[in-house]
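Read-outs: derived from the displayed coordinates by stated rules, not from any lab. All values derive from a computational prediction rather than experimental measurement. Because the Cβ atoms are built from the backbone with ideal geometry, glycine has one as well, and the counts that use them run over all protein chains shown.
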Amino acid sequence: MHRVTPNCWLNPEVKLIQFRLAGGCQVQDEESLVRRAKEHDQAALTQIYEENFDKIYRYIVLKIGDRTEAEDMTQQVFLSAFKSISSFKYRKGTPFSAWLYRIAHNQIVDYLRKKSKRPTVPFEESLASNSSGSSDPRLEVERDLAIEQLASATRHLTKSQQEVISLRFAGELSVAQAARVMGKSEGAVKALQHSAMVSLRKLLTAG
Amino acid sequence: MQKEKEFDNILDECLERILTRGETVEQCLASYPEQAAELEPLLQTALSTKETLAIKPRPEFRDRARYQLRAALQEMEEKRQRRFAFFSWQPQWVTAVVAVLILLLASSGTVAAAGNSMPDGTLYPVKLATEKVRLVLTPSALGKAELYANLADKRVTEIVKMADKGKLEQMERTTQRLNAQLVAMVSLVGPPEEAAAVLTAPAPPAATQEAAAPPVTEEPPEEEKLGVVLAPAPPSAAKEVPAVAEEAQEARPGAALAPAPSVAKEPPKKRDEVPVAPVQPVPEETPAIPPERAEPAMDKGKVDKRAELMVIVARNAVKHPEALREVLKKVPESARPALLRAIADSDAEYEKILEALRERGKD
């Protein structure tokens, strides 16, 4: 009996039934994964979801500073993406996650716009709602404070600097990938990264 | 300017080393002693940013989110099916009327011209629709299986053509279509009750969908998607096991190939309950017409049909993987996985078809 390995597509001996039993192989390249997702292949959609969920979540947390709200927004990003995945056009060299970050970005803009019209919730209240379910509430509150401080500092950066920091640190994208997402050259992204780190350092030490 | 660019590069390299490869700030500073004073505070900031962002959504939220997403996907899939599944929700007579209409159209030049069209041609959806009609109008399981064998032959020709033209997307879709048709063939020549269920089933929703939208592949085992893969687990059952693994657990071979539950409810048609006349097992390589026994005329006809089908399948089983392997030599690396899968699938499916035919011969 053949064992289904991650690169089983390369093994012509692997039988179809075994392939199905294993829930399909890991897709070789992103283009093929996206093509399958566009055809509503559940395994491909699941793979996209599992690979990107935490990164999108961190990206949103960094931008809004609210973990609970970020959870719901992350879920919305994937729902919106999967609903309209048929219309997605794959561009070679641009990671699929670029599209997810764009959707997330739009939702963040929308959220911040609505939030600015609502009466503000005291930060302590927002902490209380964030730090549920933790084994050590004190650590959770400290973590939330650090996140809020970081998110607040990043908001003082320029839009491009914010995007570089979010994509590099929360999204874990490489400079090359971040450059594709932002439509800039790698050199420009490196320069933005440098200036963003300098500003962030100043803001965090001053705060 | 040059110096700044150089520093940007050094900073980026150090960030990569610290954030991705897990090196320490000190290790990086040691590599660039001249820039250490400037680098150090930035790298410390980067490190603390990384640590602050080392967060994950709460596990209970992840479970809930996964469940909700599955439910939403299922709903989307059902909507999609409803939109396209003309044949599945229309009364049986509507299917027949549409079939007749398409048959009438077959006399027109469009359908005739579509017969030779390739997956990159505008008339290809017409070709696929015509094939579907032919399948609907073929009553017996063996007849359908024979038709599928011929269609598989066409699919292989199309794959070769598409590979020659360098149209890899169409090639890959056609390999998926080939695979689906082989799976359908296995269902038809499998145990009589399974074949009967396939026969009494309405045409799969993919049939109309395919005609309307060429990129969507023909997928006879739709029930695998809806019944097995998409079924959302209740929140309590949603554990940390990745969804793919859950699918793997649930997707038993029976579930993958079994007909949809609604189909299974219908009793098998009388004519399909007639057992195929007993014959000697036929070797795969040299399928011969089995020796005759004293049988009713109808059964004899079925035996001949089965033997005929075995000859076609045995020929295809050799010819198709061979043709696909030839294509493999011409295509770029990116197209190889799909082709290799098609080769593996056709090997496996033909083997199963031949075995099923032999088994039916023993009944």
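Odds and ends about this structure:
- Electrostatic dipole magnitude of region B:2-52 [Cβ: Lys, Arg +1; Asp, Glu -1; Cα centre; debye, to 20]: 120 debye
- Here r is the Cβ-Cβ distance between B:VAL100 and A:THR94 and R0 is 45 Å; the resulting FRET efficiency, rounded to 0.05, is 0.40.
- Per-residue mean of foreign Cβ neighbours for B:67-74 is 4 (Cβ atoms of other chains, 10 Å radius).
- For the residue pairs B:LYS132/B:LYS161; A:LYS63/A:LYS202; A:LYS92/B:LYS79; B:LYS5/B:LYS56; B:LYS56/B:LYS79; A:LYS63/B:LYS3, alpha carbon separations beyond 26 Å are given by A:LYS92/B:LYS79; B:LYS5/B:LYS56; B:LYS56/B:LYS79; A:LYS63/B:LYS3.
- Per-residue packing, averaged as other Cβ atoms within 10 Å, sorts the ranges B:19-30, B:319-330 into the order B:319-330, B:19-30, beginning with the highest.
- Mean projected area of the Cα convex hull of region B:2-52, taken over all directions, amounts to 3.2 nm².
- Prolate/oblate/rounded call for region A:46-206, Cα gyration tensor, a/c under 1.5 rounded: oblate
- Applying 1/(1 + (r/R0)^6) with R0 = 35 Å to the Cβ-Cβ distance of A:ARG102 and B:GLU16 gives a FRET efficiency near 0.90.
- Using the average count of surrounding beta-carbon atoms within 10 Å as a protection proxy, the listed peptides B:31-37, A:172-178 rank, highest first, as A:172-178, B:31-37.
- Within region B:32-53, backbone nitrogen closer than 19 Å to the virtual label 7 Å beyond the Cα of B:GLU26 toward Cβ: B:32-48
- Computed from backbone phi with θ = phi - 60° and the Karplus coefficients 6.51, -1.76 and 1.60, the 3J(HN,Hα) list for region B:349-359 is 5, 4, 4, 5, 5, 4, 5, 5, 5, 5, 4 Hz; x is used for glycine and proline.
- Taking other C-beta atoms within 10 Å as the exposure proxy, A:ARG155, B:ARG306 rank A:ARG155, B:ARG306 from fewest upward.
- Ranked list, fewest to most other Cβ atoms within 10 Å of each Cβ, for A:VAL77, B:VAL331: B:VAL331, A:VAL77
- Peptide B:337-345 has a mean shielding of 6, counted as Cβ atoms of other protein chains within 10 Å of each residue's Cβ.
- Cross-link table A:LYS190/B:LYS167; A:LYS89/B:LYS167; A:LYS83/A:LYS114, entries beyond 29 Å C-alpha to C-alpha: A:LYS190/B:LYS167
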